[in-house]
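Below is one structure, written out as structure tokens; comments come after it.
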Amino acid sequence: MNEVKEQVITNETLKKGFKYRNYRKLIDKLLETGKTSGENHSEAMIHYTKMNVHRMNRHDKRSELTTDLFEKLSNVDRRMIWVVITEAWCGDAAQTVPIINKMAEASDNIDLHLIFRDENLDVMDQFLYNGKSRSIPKLICLDADTMDILGDWGPRPEPAQRLYETLRTDPDMPTQKVAEILHKWYADDNGHEIQKEFFQLLDEWDV
């Protein structure tokens, strides 16, 4: 499996990806035409995407990296490529991708690329959550010189994932209610947990 993973992300994959600003511009352009990313352009998916634009705008303007994480990122020695599998309609991506972008911007040695899940299922299917779920966002960290995979993260900070899994065990809990509780967690956390996790992951990847 590791050998397959090392081959699945190529330069062609990166060429299909987007820098964060272009990703944001594309989402705005899709919404202007009544669409979102992927094939499902239903009213519900458009609604989710519009909400996600507001979430990303909020993080872009207000979220700040901790001093410790910023310093660690500034001192990253290894050239890395971070590939994030995402979609415009994904609420978890809207809560985390802007912060991931701020992390990448803090380092001269981290190159961030965003790719859409449904256009890259060959990549997604090598990074399934628990080996079975196409959960996003999913970040894959590569060595920029060798394209070897150094590690991955996602789809949520661990406390949020535990909360999600607990909520999903209640058969009477509506999906919308699960989403409301999860987004409240994100609002209360304010990006702190993902930064704590990446602070530790950088010790594993930047060696």
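The values are calculated or read from the model by the stated rules, or taken from the named source; none is laboratory data. All values derive from a computational prediction rather than experimental measurement. FYI the Cβ positions are ideal-geometry reconstructions off the backbone, even for glycines, and counts take in every protein chain you see.
Of everything in segment 117-168, what is within 20 Å of Ile81 (Cα to Cα), outside any strand (DSSP E or B) and of a type in the set (Phe, Trp, Tyr)? Give them in sequence order.
Across segment 117-168, the qualifying residue is only Phe127.
Give segment 4-39 a look and list any residue that's modelled with pLDDT under 90 and more than 20 Å from Ala144 (Cβ to Cβ), or say none.
Matches in segment 4-39: Val4 only.
If a residue has to be surrounded by 12 or more Cβ atoms within 10 Å (Cβ to Cβ) and farther than 21 Å from Trp89 by Cβ to count, how many in segment 117-139 make the cut?
1
When you scan segment 187-207, how many residues do you find that are at negative phi and either among the charged types (D, E, K, R) or not in a helix (DSSP H, G or I) (or both)?
9
Would you tally the residues in segment 50-95 being over 15 Å from the mean Cα position of the chain (by Cα) and either in a helix (DSSP H, G or I) or on the phi > 0 side of the Ramachandran plot (or both)? Before you say what the answer is, go through the steps one by one.
Taking segment 50-95 and keeping what is over 15 Å from the mean Cα position of the chain (by Cα), we get 50-51, 54, 57-58, 61-80.
From what's left, either in a helix (DSSP H, G or I) or on the phi > 0 side of the Ramachandran plot (or both): 50-51, 54, 57-58, 61-62, 67-74.
Qualifying residue count, segment 50-95: 15.
Taking the criterion of being touching a helix residue (DSSP H, G or I) at 6+ places or on another chain (Cβ under 6 Å), of a type outside the set (S, T, N, Q) and part of a strand (DSSP E or B), would at least one residue in segment 30-40 satisfy it?
The answer is no, given that none of the residues of segment 30-40 is touching a helix residue (DSSP H, G or I) at 6+ places or on another chain (Cβ under 6 Å), of a type outside the set (S, T, N, Q) and part of a strand (DSSP E or B).
Restricting to segment 162-200, count the residues that are farther than 17 Å from Gln95 by Cα and surrounded by 15 or more Cβ atoms within 10 Å (Cβ to Cβ).
Residues flagged as farther than 17 Å from Gln95 by Cα and surrounded by 15 or more Cβ atoms within 10 Å (Cβ to Cβ) within segment 162-200 amount to 2.
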